[in-house]
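Input: a single structure, listed below in structure tokens.
The values are calculated or read from the model by the stated rules, or taken from the named source; none is laboratory data. Since we're looking at a predicted model, the values are computed, not measured. Cβ placement follows ideal geometry from the backbone for every residue including glycine, while neighbour counts extend to all protein chains displayed. For the accessible areas, the whole protein counts, side chains as well, though only heavy atoms, and no ligand, DNA or RNA atoms are used. Shrake-Rupley method; radii C 1.70, N 1.55, O 1.52, S 1.80 Å.
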Amino acid sequence: MSIPPDVLLGEPLAADPTPDPPSGASGGASRAGALWFYARKLLAAVVSFFITLVIGFVLFQLMPADPVRALTQGRPTSAAQMQALRDSLGLDKPLWQRFASFVGDTLHGRLGFSWQFQEPVASLVGSHLWPTVLLMGVSTVISVSLGLWLGIRSGWRQGSVFDRISSGVSLTLWSVPTFWLGLLLLVAFSVGFGPIPSLFPADGMSDPSIAAAGWPHVVDVARHLVLPVATLVLGDYALYVSIMRSSLIDEMDSPYLLTARAKGLFDSDVRRKHAVPNALLPAVTVIFLQIGGIIGGAVTVETVYSWPGLGYLTYQALKVPDLPLLQGTFIIFSASVIIMNLAADVLYRFLDPRVRAQ
Amino acid sequence: MTIDRAAPAGASPTGGAAPPALEVRDLHVTFPSRRGRGPARAVDGVNLTVGAREIVALIGESGCGKSTLARALVGLVKPTSGEVLYRGTTLGYSNAALKAYRRHTQLVLQDPGGALNPRQNVFDAVAEGLRLHKDTDRLGARVHRALSQAGLRPPEQFLERYPHNLSGGQQQRVVIAGALALEPSVIVADEPVSSLDASARGEILRLFLDLRDTLDLSALVVSHDLGLAWNIADRVAVMYLGRIVEVGTVEEVLLEPKHPYTRSLLSVLPGTLSHRRPILLTGEPPDPTAIPAGCRFHPRCPAAAELAPHDPRRELCHSRALPPLTGTGRPTSVASCHLIPSPVPSPSGVG
């Protein structure tokens, strides 16, 4: 049967198809692109930090109507003493001069002098940094692993019994106030409650009667870690569950998973090799933002357990209020968030080829 | 403008002895009910064959079950009943049987951008199938070969690239290369060109014809586009609401359509057949959770609507279900309709 050409339906076929010419950046151009990418991100971080300094200056040096009055609140102070304090704090100098010396001091690591502890803020922050890094590091590693694992299992079988139980439990714990959960754990496992003996210490980071060296010290610190870490994990892991779960559910409909199955991949491999790596990308950003917040510690948890970290230090500074100390911790917390943001951007570029191309 | 349709190649009916490359017998795929609606009978009694070196176009509107049928053909959806046969052997659904089957039948999807993992470069995407089948002898050479068979030449230029810096046509070629790397004998393509622009569309269709000629591939191409069927298919099957309503050679079905549904699809195509009066379908779009009694097309059927009120055939259309088409549409096309005088499929075995 011969077909007249005029009954051709639809799009005509190209007579001689040639593959599309290759497009895309060459190696040199993409390296320049990478440098430009890092430069832009670094610049953004510097600008953010400068804005933080301005906010810190306004918040702690301009907002208190009279720092000297705040400092001497409720104490009998003579006018001469107050004037001497004003001079030593440089409050009589013009605004721009005060700001310039504030920025200069900060950049040189001089964060001021704590009124309460009569010690440089920088050395206070330094001595409280490691307990916080230890506490928050351990609890973040546990919450992230637990949250991602549960999120992956829940999202892959959305609506299953596992998913419903896991989502219900994590949402409940997420809704519970951290300080309340902390007090509850403290009462149950540290004070002892009914038949439960006192299982774990909850006062600080170590027992002063145990020498601060060797294995006994490590075990002692680990025992002190249990309750604050448990409180932080129970309060925080839900965040990672929900991010990972929803991000995996978004990936579930992607045709490339179907392609992978059609090639012969078993379900578990499709999840492990294709769905999870792609679904992890949005989670990475959130995890890094959280890590930035780690340095800030958890003020409530550190206070409940008297953990000698930056969160507890902030709480002590707030009680006075010790303005230079607050200002110092504010700058350190902001800087850590900005640095971790920068790290997330850089890491994202390694993880996602699409970002690399932009 | 014209393409050479003179070479029917493998379109000639296969000799009686050789089993078709791919065949489905009385296939049903029913999805469980959701939100208070009845179970969805996405595929509801389909018989279809794809012969060796044959390209079959499966045509239908959205929701008619054609994509589900395609997924059942590659073993991604387990049929509720009925069977899929590859070269005369019934497909089993154990992990091992499915994995072995994947080497013979490969799937190409509509959206090539989405069908590629954005984090995999071209080499990994194409090599993945071979790697997971632990068939990695001369992996590099075979990836090269698959890429150049799919028209990505020279292959070295593409290996390191990621999907996002390929054009849509190139992406679809990578998907096809990933399928070809496994050296399948059948490709099932679900709307392979509908998300591509016009020039890439023609090239990809040409590629399917080339692959049939050079690699002896069979293909089932799912589409809503009758023009596509005309360009590449040897045979056409028209699907409506879970059933194939007409099947035959491309010339028969597209030039002398029998079923009122096929006629209405053809009547609204622009261009050459515009001398026909457009037949616009009215009524609800088909819903696989509520398949009408009688002929499943009758609520929207323009031919049934034109019947006189007391025409006895009206009663037939409304109440007597039609059996699934059993033939292959060879040597002449068949259609499932009460109003076609002869040869009307015998109504025996009506459920």
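Under the convention that each Lys and Arg Cβ holds +1 and each Asp and Glu Cβ holds -1, the size of the dipole of chain B around its Cα centre is about 620 debye. Summed over both chains, the area buried between A and B is near 4300 Å², taken from the accessible surface of protein heavy atoms with a 1.4 Å probe.
Within the listed set B:Asp26, B:Asp124, B:Asp311, the Gaussian network model of chain B (springs between alpha-carbon atoms below 10 Å) gives the highest mean-square fluctuation for B:Asp311.
Relative to the longest principal axis of the Cα atoms of chain B, the long axis of helix B:198-215 lies at roughly 80 degrees. Distances between placed amide hydrogens fall under 5 Å for B:Val108 paired with B:Val188, B:Ala189, B:Asp190, all partners being 5 or more residues away or on another chain. Here the calculated FRET efficiency for B:Ser94 and A:Ala188, from their Cβ-Cβ distance with R0 = 45 Å, stands at 0.35, rounded to the nearest 0.05.
Relative to the compact-globule estimate of 2.2 N^0.38 Å, the Cα radius of gyration of region B:18-168 comes out at 1.22.
Cross-link pairs exceeding 29 Å in C-alpha to C-alpha distance, out of A:Lys273/B:Lys99; A:Lys273/B:Lys78; B:Lys66/B:Lys99; B:Lys78/B:Lys258, comprise B:Lys78/B:Lys258. For chain B, modelled as a GNM with alpha-carbon contacts under 10 angstrom, which of B:Gly51, B:Gly92, B:Gly36 fluctuates the most? Comparing B:Gly51, B:Gly92, B:Gly36 in a Gaussian network model of chain B, the most mobile one is B:Gly36. Among the GluC sites (Glu not before Pro) found in region B:100-175, those both in a DSSP coil and sparsely packed, with 15 or fewer other Cβ atoms within 10 Å of their Cβ, are B:Glu160.
Based on Cα contacts under 8 Å between residues 6+ apart, chain B shows a relative contact order of 20 percent.
Surface composition of the protein assembly as shown: carbon and sulfur make up 61 percent of the accessible area, probe 1.4 Å. Solvent-accessible surface (1.4 Å probe) assigned to B:Thr332 amounts to roughly 80 Å². Placing unit charges on each Cβ (+1 for Lys and Arg, -1 for Asp and Glu) gives chain B a dipole about its Cα centre, and among B:Pro184, B:Phe123, B:His133 the Cα reaching farthest toward its positive end belongs to B:His133.
Roughly how big is the protein assembly as shown's charge dipole about its Cα centre, with Cβ charges of +1 (Lys, Arg) and -1 (Asp, Glu), in debye to the nearest 20?
520
Note on A:Lys319: lysines with a C-alpha under 30 Å away, same-chain residues under 8 apart excluded, are A:Lys93. Only Lys, Arg, Asp and Glu carry charge here, each on its Cβ (+1 for the first two, -1 for the last two); on that basis region B:148-284 has a dipole of about 360 debye about its Cα centre. Farthest towards the positive end of the charge dipole of the protein assembly as shown, among the residues B:Ala70, A:Ile339, A:Thr172, is the Cα of A:Thr172, using unit charges on the Cβ of Lys, Arg, Asp and Glu. Extension gain for A:Leu171 to A:Gln118 (0.36 nm times residue separation, less C-alpha to C-alpha distance): 14.7 nm. A:Trp174 sits with roughly 120 Å² accessible to a 1.4 Å probe, with DNA, RNA and ligands left out of the calculation. What the phi angles of region B:183-188 give under the Karplus curve with 6.51, -1.76 and 1.60, with θ = phi - 60°, is a coupling list of 6, x, 10, 9, 10, 9 Hz, glycine and proline written as x. For the protein assembly as shown, compute Rh as the Kirkwood radius over C-alpha pairs and then the Stokes-Einstein diffusion coefficient at 25 °C and 0.890 mPa s; write the answer in µm²/s, rounded to an integer. Using the Kirkwood radius from Cα pairs, D works out to 79 µm²/s.
Relative contact order of region B:118-179: 51 percent, from C-alpha pairs under 8 Å at least 6 residues apart in sequence.
When B:Glu256, B:Glu306, B:Glu54 are compared by accessible surface with a 1.4 Å probe, the order from highest to lowest is B:Glu306, B:Glu256, B:Glu54. Based on protein heavy atoms only, chain B ends up with 41 Å² per residue of surface accessible to a 1.4 Å probe. Heavy-atom accessible area, probed at 1.4 angstrom with all protein chains present, ranks B:Phe158, B:Phe31 as B:Phe31, B:Phe158, highest first.
Once both labels are positioned 7 Å from their Cα atoms along Cα-to-Cβ, the gap between A:Ile210 and A:Val58 label points is 4.8 nm. For the residues A:Asp87, A:Asp203, A:Asp236, a GNM of chain A with alpha-carbon springs under 10 Å puts the largest fluctuation on A:Asp87. Projecting the Cα atoms of B:Leu85, B:His164, B:Ile244 onto the charge dipole of chain B (Cβ charges, centred on the Cα centre) puts B:Leu85 farthest toward the positive pole.
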